[in-house]
Amino acid sequence: MRNADFIIVTGLSGAGKTQAMKALEDLGIFCIDNLPPALLPRLVELQTNQGGKRRKYAIAIDIRVREYFTDFRKSLEWLVQSGYSYHLIFLDCSDNALIKRFGETRRLHPLSEGQVTPESIYATIATERGLLADSRALAHDVIDTTNLRPMELRSRLNEIYQGHPLHESMAVDIFSFGFKHGAPIDADIVFDVRFITNPYYIDELRPLTGEQAEVADYVLGFPIAQNFVERFSNLLYDLMPAYGEEGKGKLTIGIGCTGGQHRSVAVAIALAQRLQEKGVRATVRHRESVVAGMADKSC
């Protein structure tokens, strides 16, 4: 699936196609919802005219597209004959779970006609199963979403597409900031490193930043700072699988000191480096405008 040009998502109405498309979009795939199979050749034509590297597409096709029944298999065969690969995912679900979901969302089944009764809903789902039997048989992966939460479906799709659990591709965004400029509201975890001795009160270090070796050596020269970086990086690494199981693809961590110039900068860089050594996709940035020579920023 990782190298497929097209990911086709289909399955029973209410089985989770919307959630699946959101997860695939977060993986950087261009998603198109409810595309009639007959338009696949046109989509291929548009991609060919663009030239360059092929874009990966995820296409959701469901029972709302009435020509689905006659064009679906034909369109897939056309893709292969045209030199394109596809990976078909079929989302299945139990009847009782589907009926409960329709009840919770107060939406009608796409095949429902006239008055809806419990008996008619079961019959409608049975009809849809029959109509989709061919596409289910063609599927490379059949995912039963009966007992899957949205984040679990996201994790399952990540395993199929990336070849490994979600946490192994999780991005960790670490940023430094200064509390005197306001606590961040966009971080999953915020840690205060003002327990480290402040280099602001050393004249030769005051105009510098934590990005410079002199300040970094001073800040990280304290055993407590080294202990923090080591323990916190290990804790994050141990927690990442649990975050992945909850469907989280990115973890944002704020490291704060008073002004965001010295301690938080040095620690954020060291923390990112330690995680990178463990194979984590960690990046570091600095929220405040950290400019050497700004001695009025108490850090």
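Brief remarks follow.
- Here Gln276 meets the list (1) assigned to a helix (DSSP H, G or I); (2) out of contact with any strand residue (DSSP E or B) (no Cβ under 6 Å at 6 or more places or on another chain) almost entirely, failing just condition (2).
- The set of residues from the range 221-265 being among the β-branched types (Val, Ile, Thr), within 26 Å of the chain's Cα centre (by Cα) and more than 12 Å from Ile174 (Cβ to Cβ) is empty.
- Residues satisfying the stated conditions in the range 231-255, i.e. of a type in the set (Asp, Glu) and not in a helix (DSSP H, G or I): Glu246
- Within the range 223-248, residues that are modelled with pLDDT of 90 or more reach partners that are in a helix (DSSP H, G or I) and acidic (Asp, Glu) with beta carbons closer than 9 Å, at six or more positions or on different chains, in the pairs Ser233/Glu277.
- Pairs are defined by a Cβ separation below 7 Å, a sequence spacing of at least 6 or placement on different chains, a first member in the range 209-221 that is assigned to a helix (DSSP H, G or I), and a second member that is among the basic types (Lys, Arg) and crowded, with 20+ Cβ neighbours inside 10 Å; the pairs so defined are Val219/Arg263.
- Restricting attention to the range 263-299 and to residues that are surrounded by 23 or more Cβ atoms within 10 Å (Cβ to Cβ) and closer than 16 Å to Asn198 by Cα, the residue that is modelled with the lowest pLDDT turns out to be Cys299.
- Candidates are the residues of the range 41-83 that are loosely packed, with under 11 Cβ neighbours inside 10 Å and not in a helix (DSSP H, G or I); the one that is modelled with the lowest pLDDT is Gly52.
- Considering residues of the range 2-22 that are of a type outside the set (Asp, Glu) and at pLDDT below 85 only, the residue surrounded by the most Cβ atoms within 10 Å (Cβ to Cβ): Ala4
- Within the range 249-278, residues that are on the phi < 0 side of the Ramachandran plot reach partners that are of a type in the set (Phe, Trp, Tyr) and surrounded by 24 or more Cβ atoms within 10 Å (Cβ to Cβ) with beta carbons closer than 8 Å, at six or more positions or on different chains, in the pairs Gly254/Phe177; Ile255/Phe177; Gly256/Phe177; Ser264/Phe177.
- Selection status of Ala282, over 12 Å from Ala171 (Cβ atoms) and not acidic (Asp, Glu): no
- Some residue of the range 220-239 being in contact with a His (Cβ under 7 Å, 6 or more places away or on another chain) and either crowded, with 19+ Cβ neighbours inside 10 Å or more than 30 Å from Arg154 (Cβ to Cβ) (or both): no
The values are calculated or read from the model by the stated rules, or taken from the named source; none is laboratory data. As the structure is a prediction and not an experimental result, all values here were calculated from the model. Neighbour counts run over all protein chains shown; Cβ positions are idealised from the backbone, glycine included.
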